[in-house]
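Read the figures in this text as sums done on the coordinates, not as results from a lab. Keep in mind it's a predicted model, so treat the numbers as computed, not measured. Methodologically, a virtual Cβ is constructed for each residue, glycine included, from the backbone with ideal geometry; neighbour enumeration extends over all protein chains shown.
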Amino acid sequence: MSSSSLIDADRKHLIHPVINYRAHEARGATVLESGHGAYLRDIDGNELLDAFAGLWCVNVGYGQQSIVDAATRQMTKLPYATTYFHFSSEPAIELAEKLVSLAPASLRRVYFTLGGSDAIDSAVRFITHYFNATGRPSKKQMIALERGYHGSSSVGSGLTALPAFHRHFDLPLPHQHHLPSPYAYRQANGDDPQALIAASVAALEAKVAALGADNVAAFFCEPIQGSGGVIVPPAGWLKAMRDACRRLGILFVADEVITGFGRTGPLFACEAEGVEPDLMTVAKGLTSGYAPMGAVLISDEIYQGIAGDARDTAVVGHGQTYSAHPVSAAIALEVLRLYHEGGLLANGQAQAPRFAAGLDGLLEHPLVGDSRHRGLLGALELVADKDSRARFDASLKLPERIAAAAYRNRLIFRAFGDNILGFAPALCYTEADFDELFARLERTLDEVLDEAEVRAALRSASRAAA
Ligand SMILES: Cc1ncc(COP(=O)(O)O)c(C=O)c1O
């Protein structure tokens with residue numbers, strides 16, 4: 001198919017995630033064709049530096065032949081095996097054992113899903129089942145964070161706290177609640193890490209007190225909020241929230257769908273603070289996007305509560321045809337080998353200071369108000385006035401301008417709606433890849449700054465602040 005007929009057919013038939021449908025019809029798709037290392041190629045032959053690892057998932061980079069070989073071997077041998085009816089397969093078993101050995105010590109059992117949304121959905125179902133089965137049916141309320149993202153299932157998207165996921169979807173549900181996120185750049189006392197941590201703990205305590213601890217099931221959070229704008233909490237925040245949940249008698253769910261698999265440095269962000277969650281959701285970097293797969297890991301206490309005693313013969317009605325898919329599992333095993341024996345985890349850790357320096361260096365730029373990062377997860381927040389931290393007016397459509405200029409400079413990253421630029425380079429990035437990223441990014445910001453409407457917006461914001 002030619003480039004134009006592909007774009008035409010896409011426009012007519014393919015529904016894209018999280019997009020304005022009319023805007024997509026008008027714009028048309030950008031069709032990607034191939035990838036190698038940190039680079040993608042579009043259908044017109046443009047080579048693009050991917051600074052977002054696809055959708056913060058291709059942590060090992062594109063074109064890893066050993067993953068293709070592992071998938072081919074498994075597809076040839078056994079392309080599908082159900083885990084229903086007591087069946088299993090070698091890669092699924094090996095992967096479950098391996099994940100438990102690598103995850104925080106509290107997590108002993110794994111249920112495999114197809115991605116992150118159904119991992120969250122499975123977590124919600126397991127939590128509900130657990131409290132009902134263990135005689136605490138009043139524990140139904142669930143708490144998450146403002147700006148949080150927990151996927152797009154019909155229940156999980158109510159835990160998500162991004163307006164687009166609620167509008168016209170009748171969400172959040174009455175038992176879903178949100179607390180302010182630890183957003184240092186935009187919160188009172190944001191420059192005092194201890195005050196920020198104390199504010200989050202106090203907000204959780206107050207919410208649980210208001211709902212009644214006997215009615216609250218769980219608190220969900222991302223160790224670093226990704227889709228909400230890469231909100232990096234102070235060191236110690238995750239541990240403080242975990243400890244608060246234990247004190248309050250509610251379950252602590254770490255959503256490591258983005259932060260897992262080396263994205264923030266260690267294999268899991270929980271590791272950095274010695275946090276042992278009751279449940280943990282993962283996806284993305286588990287297979288590095290080479291095939292769909294997610295998982296929810298649960299503690300033995302929750303597993304035993306759901307399993308019940310030997311006299312309970314009822315089945316636990318939770319399952320999916322593709323749970324523990326053997327090809328995805330074989331891919332995940334090879335991806336895990338690449339993180340460890342392949343040196344990618346170590347490379348990501350070694351390159352993190354270069355990434356941080358590149359982002360922080362752009363604080364000098366007239367458009368950049370904040371730089372934040374941990375490991376190879378980072379963001380720049382663009383502001384109309386640095387002193388007042390005033391945002392650009394939405395009518396300026398700055399994210400669209402930035403994304404278009406970046407594409408002209410052959411660079412891909414995430415330009416969020418509220419003028420936050422998100423970055424998640426693959427763990428295979430070299431020093432030279434980072435040099436290229438920051439050269440292209442600076443050129444992009446300079447070009448957008450040169451646009452007359454953007455200059456005018458900067459001028460009027462600084463006049464208003466004066
Ligand atoms: C923290 C978090 N949880 C859940 C999800 C949902 O995962 P998926 O898109 O694989 O369904 C995402 C996706 O970006 C995520 O970032």
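The shape of segment 324-466 comes out prolate: with a ≥ b ≥ c from the C-alpha gyration tensor, a/c is at least 1.5 and a/b beats b/c. For segment 80-147, applying the loop criterion from DSSP together with a ceiling of 14 other beta carbons within 10 Å to the chymotrypsin sites (Phe, Trp or Tyr not before Pro) yields 80, 87. Counting beta carbons within 10 Å around each of 318, 178, 168 and listing the fewest first gives the order 168, 318, 178.
For residue 465 and residue 189, the FRET efficiency from 1/(1 + (r/R0)^6), where r spans their Cβ atoms and R0 equals 22 Å, is about 0.55. Between residue 446 and residue 46, the modelled labels are 2.0 nm apart [label points 7 Å from Cα along Cα→Cβ]. Here the chain is assigned +1 on the Cβ of each Lys and Arg and -1 on the Cβ of each Asp and Glu. Its dipole about the Cα centre then comes out at about 840 debye.
Loop exposure criterion: trypsin sites (Lys or Arg not before Pro), DSSP state outside H, G, I, E and B, at most 12 other Cβ atoms within 10 Å. Applied to the chain, the longest stretch between such sites is 1-166.
Annotation for residue 105 and residue 134: the two label points, set 7 Å from Cα along the Cα-Cβ direction, are 2.0 nm apart. Database remark: amide H of residue 150 closer than 5 angstrom to the amide H of 160, 161 (H placed geometrically; neighbours at sequence offset of 5 or more, or on other chains; Pro and chain starts carry no H).
Computed from backbone phi with θ = phi - 60° and the Karplus coefficients 6.51, -1.76 and 1.60, the 3J(HN,Hα) list for segment 361-367 is x, 7, 4, 5, 5, x, 8 Hz; x is used for glycine and proline. Couplings for segment 267-283, taken from phi via the Karplus curve 6.51 cos²θ - 1.76 cosθ + 1.60 with θ = phi - 60°, read 4, 10, 4, 4, 4, 4, 10, x, 8, 10, x, 7, 9, 9, 9, 9, 6 Hz in order; Gly and Pro are left as x. Size descriptors for segment 66-340 (Cα atoms only): Rg and Dmax, in that order, 18.6, 58 Å. Simple point charges give the picture: +1 on the Cβ of Lys and Arg, -1 on the Cβ of Asp and Glu, and for segment 66-340 a dipole about the Cα centre of about 260 debye. In this Cβ point-charge picture (+1 for Lys and Arg, -1 for Asp and Glu), segment 95-142 has a dipole of about 240 debye about its Cα centre. From the alpha carbon gyration tensor of the chain, can you work out the equivalent ellipsoid semi-axes (sqrt of 5 times each eigenvalue) and give them in Å, largest to smallest? Working through the eigenvalues yields semi-axes of 36, 29, 21 Å. Remark on segment 275-324: hydrodynamic radius 13.2 angstrom, per the Kirkwood mean of 1/r across alpha carbon pairs. Cα gyration tensor of segment 1-104, axes a ≥ b ≥ c as square roots of the eigenvalues: rounded (a/c below 1.5), prolate (a/b > b/c) or oblate? Prolate shape, in that a/c is at least 1.5 and a/b is the bigger ratio.
Phi-derived couplings, Karplus 6.51 cos²θ - 1.76 cosθ + 1.60 at θ = phi - 60°, listed residue by residue for segment 247-263: 4, 7, x, 10, 6, 10, 10, 9, 8, 9, 4, 8, 6, x, 6, x, 4 Hz, with x used for Gly and Pro.
Residues whose amide H falls under 5 Å from that of residue 299, counting only those 5 or more places apart or on a different chain, are 108, with hydrogens built in the peptide plane. Each eigenvalue of the Cα gyration tensor of segment 200-296, multiplied by 5 and square-rooted, gives one semi-axis; in descending order these are 25, 14, 11 Å.
Since only 244, 129, 368 are under comparison, the one whose Cα sits farthest along the positive direction of the charge dipole of the chain, derived from C-beta charges on Lys, Arg, Asp and Glu, is 129. Here is how the number arises for the chain: DSSP H runs of 4 or more residues each give -39500 (n - 2.57), the sum is divided by the residue count, and the result at 222 nm is -12500 deg cm²/dmol. Near residue 178, the amide H atoms lying under 5 Å from its own belong to 144; only residues 5 or more places off or on other chains count, and H is placed 1.01 Å from N. Here the residues 208, 68, 315, ranked from fewest to most Cβ neighbours within 10 Å of their Cβ, fall in the order 315, 68, 208. Residues of segment 128-145 with an amide N closer than 13 Å to a point placed 7 Å from the Cα of residue 88 along the Cα-to-Cβ direction: none. Between residue 321 and residue 69, residue separation times 0.36 nm minus the direct Cα-Cα distance comes to 88.3 nm.
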